Amino acid sequence: MAKHLDLEEQEQLDQLKHFWAQYGNLITWVLIAVFGSLAAWNGWNYWQRNQATKASALYDEIDSAAQASDAERMERALAEMKSGFGSTTYATQAALLAAKTLHDTGKIDAARQALSWVVDASSDKAYQAVARLRLAGLDVESNALDQALKTLEAPVPKAFEPLVADRRGDVLMAQGKTEEAKAQYQAAWRGFSEQAEYRRLVEIKLAALGVDVSAAAVAAEDGK
């Protein structure tokens, strides 16, 4: 019986050797790939967490500089944020925050650069839309009205369309194009929900142009 078991074990060993000779390299490389992927995934998660922590700290620095109206300190921190963490949401939010503070402290060109960076570098369409609206506002302030309209040409998420129409109306009013401005304000008014606070501001603009929005609403309902 012992000899029989020895022969059987030898046969199993031979089969194992044959199997390993045929598939051993493949199994080894598969295992290396699996464990390598796990290591890479863990390393990536660690890197992401580390990046987020550093970006968050820089954002806090920019926020602190904004509250202190320290434009120079803010510009330094924003430059570091863009160079080291430009792909993060923190960088986009920081640039928008910095643009407002830079504008308030009279650094219009620096504010424009921060907003333009968001338009060019951010992958978030909503943040890009916000930056375009603010850029158009800067264009209006500098009387670059044609440039403002060009800034507002880019497609935006649907939720931002009423805001863009309203801003476009402001630009057209500044150009003296009253009827075109009125059409843009009406488009904005229709785009906002009835509960939107901003809709009331558009109503005031339309009323100043002699448009009765309540009558327009009734006419729209009758036309459905």
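Some values worked out for this structure:
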read-out	value
Potential lengthening between Ser64 and Thr89 on full extension [0.36 nm per residue; Cα-Cα distance subtracted]	7.2 nm
Nearest-10 value in Å² for the accessible area of Lys150, using the 1.4 Å probe	130
Stretch gain in nm, segment Asp212-Lys150, where the contour uses 0.36 nm per residue and the Cα spacing is subtracted	19.3 nm
Principal axes of the range 49-89: Cα extent on each, largest first, Å	29, 15, 13
Fraction of accessible area attributable to carbon and sulfur, the range 102-207 (%, probe 1.4 Å)	49
The range 78-224 shape via C-alpha gyration tensor axes, a/c threshold 1.5	prolate
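The values are calculated or read from the model by the stated rules, or taken from the named source; none is laboratory data. All values reported here derive from a predicted model rather than from experimental measurement. Ligands, DNA and RNA are stripped out before the accessible areas are found, and what is left, the full protein with its side chains, is counted by its heavy atoms. Shrake-Rupley method; radii C 1.70, N 1.55, O 1.52, S 1.80 Å.
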